[in-house]
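Participant: What follows is a single structure, and I will ask about it in a moment.
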């Protein structure tokens, strides 16, 4: 597979695609969902939790880091250095976003940081080109919801509908949860107390819980993996909060301000990847009762004025 930057094949510089960590492809970060930018919530000192900013016009997203892992081969170390200097010269002459392209896609990027080289000997080097994509394409389509009477999952889509399943760590002999942070008490809000003669303190309300969903995506080919990610992009870029509901748990209203990461992509007879979704609790959890989303199987829902789906207890 050839990789191009600025319409120049990186093989011109003796570069051979490597592998990112726990993956068999050379790039990482290209499927991540970016963090939000600008103000994402209001912290009120007189109440627990936060007021999320999730209305139309309040949601903007930043960029994402894309790393290209490579090897470089030359007859001697001196020749390897010469090839690297030619690569750096090409990068130095760029003064705008340029396309980084391969069979997996194309991204308009710039080099965001130092290119660090590990000398392996005998003319071999390894390194990472750290790209930054400042404007990300987050277009995608939500999956069809198969059963609105079963809202376990996110916004009425069970995890299979969304294209991934939560990691069953206990079957692997690891005693941890697929979703971390569910049972934590959030940290207190920042104190505003001062004293010169002794240690100051203030008893404050608490912040919001932070959750990390850890899952695995398995698909027949790479294009289907991309479609799963696009569906999650569509889900988490919507206005309003999301409804997180798990078996034997409470309904939790959350929003995604810190994005998600897709890593450990391996392409063999099937394609697998791991995903970690960062969610922030928007409101206190509701008690576990029988609930129903107001909508139909065509993804048409009754919502509030800010786009939040409405759930009712039955």
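What follows is calculated from the coordinates using simple rules that are stated; it is not laboratory data. Keep in mind the model is a prediction, meaning the values are calculated, not measured. Ideal geometry is used to build each Cβ from the backbone, glycine not excepted, and the neighbour counts take in all protein chains shown.
Participant: For the chain, what relative contact order do you get, as a whole percent, if you take Cα pairs closer than 8 Å and at least 6 residues apart?
Facilitator: 20 percent.
Participant: So, one more: Quick check: the angle from helix 77-92's long axis to the longest principal axis of the chain, C-alpha only, nearest 10 degrees?
Facilitator: Computed tilt is about 60 degrees.
Participant: Roughly what angle does helix 222-236 make with the longest principal axis of the chain, taking Cα atoms, 0 to 90 degrees, to the nearest 10?
Facilitator: 40 degrees
Participant: Where does each of 197, 133 land when they are ranked from fewest to most other beta-carbon atoms within 10 angstrom?
Facilitator: Going from least to most buried by this count: 197, 133.
Participant: Give me Rg/Rg_expected for the chain, where Rg uses Cα atoms only and Rg_expected = 2.2 N^0.38 Å with N residues.
Facilitator: Here the Cα radius of gyration is 1.19 times the empirical estimate.
Participant: Quick check on the exposure proxy: order 30, 206 from fewest to most C-beta atoms within 10 angstrom.
Facilitator: 206, 30
Participant: Choose one answer from 239, 254, 302: the residue with the largest mean-square fluctuation in a GNM of the chain with alpha-carbon springs under 10 Å.
Facilitator: Greatest mean-square fluctuation among the candidates belongs to 302.
Participant: Express in nm, to one decimal, how much length is gained between residue 300 and residue 24 on full extension, taking 0.36 nm for each residue of separation and deducting their alpha carbon distance.
Facilitator: Stretched fully, the residue 300-residue 24 segment lengthens by 95.4 nm.
Participant: For the chain, set up a Gaussian network in which alpha carbons nearer than 10 Å are linked by springs, and say which option among 98, 205, 116 fluctuates the most.
Facilitator: Of 98, 205, 116, the most mobile in the Gaussian network model is 116.
Participant: On to the next question. Just subtract the alpha-carbon distance of residue 196 and residue 11 from 0.36 nm times their residue separation and send over the number in nm, one decimal.
Facilitator: Length gained between residue 196 and residue 11: 60.2 nm.
Participant: Could you work out [θ]222 nm for the chain from helices alone, using -39500 (n - 2.57) per DSSP H run of at least four and dividing by all its residues? Round to the nearest 500 deg cm²/dmol.
Facilitator: When only DSSP H runs of four or more count, the value is -3500 deg cm²/dmol.
Participant: Here is a further query. Consider a paramagnetic label point 7 Å from the Cα of residue 45 along Cα→Cβ; state which residues of segment 174-215 have an amide N under 20 Å from it.
Facilitator: 187-208
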